[in-house]
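Trainee: Take a look at this one; I'll ask things after.
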Amino acid sequence: MRLMGEEAGCRRIDLGWAFFDSAKMSQTKIYRTKNDLPAQLREKMIVLLNARLADSIDLQTQCKQAHWNVKGPDFIALHELFDKVNEEVEEYVDLIAERAVQLGGVAEGTIQGAVKKTQLKPYGARGGSGREHVEALSSALAAYGKLVRAAIDVSDRAGDKDTADIFTEISRGTDKWLWFVEAHLQAAR
Ligand SMILES: [Fe+2]
């Protein structure tokens with residue numbers, strides 16, 4: 001683990017792509033728990049889980065945006081597919097939020113919190129064509145998948161195999177849904 005910015009009086013822990021700001025972390029409210037994982041590790045995982053929770057909430061709203069607004073000859077297939085993806089992403093939201101709470105943290109699951117923290121770009125489709133929504137949602141799923149895949153390594157290296165397992169499950173599912181959505185664009189190679 002590399003420590004960043006200590007010379008500037010700001011202790012930041014660089015875990016690859018994610019920064020854990022010790023000042024912010026010390027403000028994180030941690031409940032006492034009999035869970036045997038060390039408190040410092042739990043605190044880091046709570047920060048990581050809340051970061052991915054924000055992305056997951058954002059992704060869920062993007063799935064619904066696609067579900068509601070898609071039009072065209074593939075309407076019913078895409079309308080139903082986008083809702084299936086939404087239902088699965090809702091499960092990811094729950095898995096991530098509850099893991100943060102199990103570790104003694106507070107799940108930051110409000111839409112206001114998600115807007116501040118999400119790493120996803122705004123939803124990319126404004127029109128109604130199926131192709132436009134498939135492009136937009138596949139891009140969101142790919143970006144989300146990359147963030148979750150990185151979180152597997154961060155939590156595994158930090159020593160929390162269970163959080164890594166949750167992120168692995170989500171990553172596997174996200175790759176599947178990316179395939180389901182992106183296949184609509186892949187007929188011509
Ligand atoms: Fe619906």
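Trainee: Report, in degrees rounded to the nearest 10, the 0 to 90 angle that the Cα long axis of helix 39-69 makes with the longest principal axis of the chain.
Mentor: It works out to around 10 degrees.
Trainee: To continue, here is another question. Is the shape of the range 115-164 best called rounded, prolate or oblate, per the rule: a/c under 1.5 gives rounded, else a/b larger than b/c gives prolate, else oblate, with a ≥ b ≥ c the square roots of the Cα gyration tensor eigenvalues? Before the final figure, lay out each step's value.
Mentor: Details: a/c = 4.99, a/b = 2.65, b/c = 1.88.
The shape class here is prolate.
Trainee: Could you pull out every one of the aspartates and glutamates with an alpha carbon less than 20 Å from that of K71, ignoring same-chain neighbours closer than 8 positions?
Mentor: Reachable aspartates and glutamates: E80, D83, E132, E135, E182.
Trainee: Moving on to the next point. Any lysines with Cα under 20 Å of the K161 Cα? List them, leaving off those in the same chain fewer than 8 positions away.
Mentor: K34, K44, K146
Trainee: Compute the orientation-averaged projected area for the chain from the convex hull of its Cα atoms and round it to one decimal in nm². Don't jump to the answer; show the numbers that get you there.
Mentor: Working: hull surface 47.7 nm².
The number I arrive at for the chain is 11.9 nm².
Trainee: Right, next: Counting alpha carbon pairs within less than 8 Å and at least 6 residues apart, what relative contact order, in whole percent, applies to the range 39-186? Kindly include the intermediate steps, with their values, before the conclusion.
Mentor: Values: 190 pairs, mean separation 43.8, N = 148.
Result for the range 39-186 is 30 percent.
Trainee: From the phi angles alone, apply the Karplus equation (6.51, -1.76, 1.60; θ = phi - 60°) to the range 92-109 and give each ³J(HN,Hα) in whole Hz, x where the residue is Gly or Pro.
Mentor: 5, 4, 5, 4, 5, 4, 6, 5, 4, 6, 4, 7, x, x, 10, 6, 9, x
Trainee: For a quick check, take a GNM of the chain with Cα springs below 10 Å and name the residue from L53, L141, L95 with the largest mean-square fluctuation.
Mentor: Answer for the Gaussian network model of the chain: L95.
Trainee: Roughly how tilted is helix 161-182, in degrees to the nearest 10 and between 0 and 90, from the longest Cα axis of the chain?
Mentor: Between helix and principal axis, roughly 20 degrees.
Trainee: Still on this model: DSSP beta bridges in the chain, what fraction antiparallel, as a percent rounded to 5?
Mentor: Working: 7 of 8 bridges.
Percent antiparallel among DSSP bridges in the chain is about 90.
Trainee: Could you derive backbone 3J(HN,Hα) for the range 149-155 from the dihedral phi with the Karplus parameters 6.51, -1.76 and 1.60 (θ = phi - 60°), listing whole Hz in sequence and x where the residue is Gly or Pro?
Mentor: 4, 5, 5, 4, 5, 4, 6
Here, each number is a calculation from the coordinates, and none is a lab measurement. Since this is a predicted model, take the numbers as computed values, not measurements.
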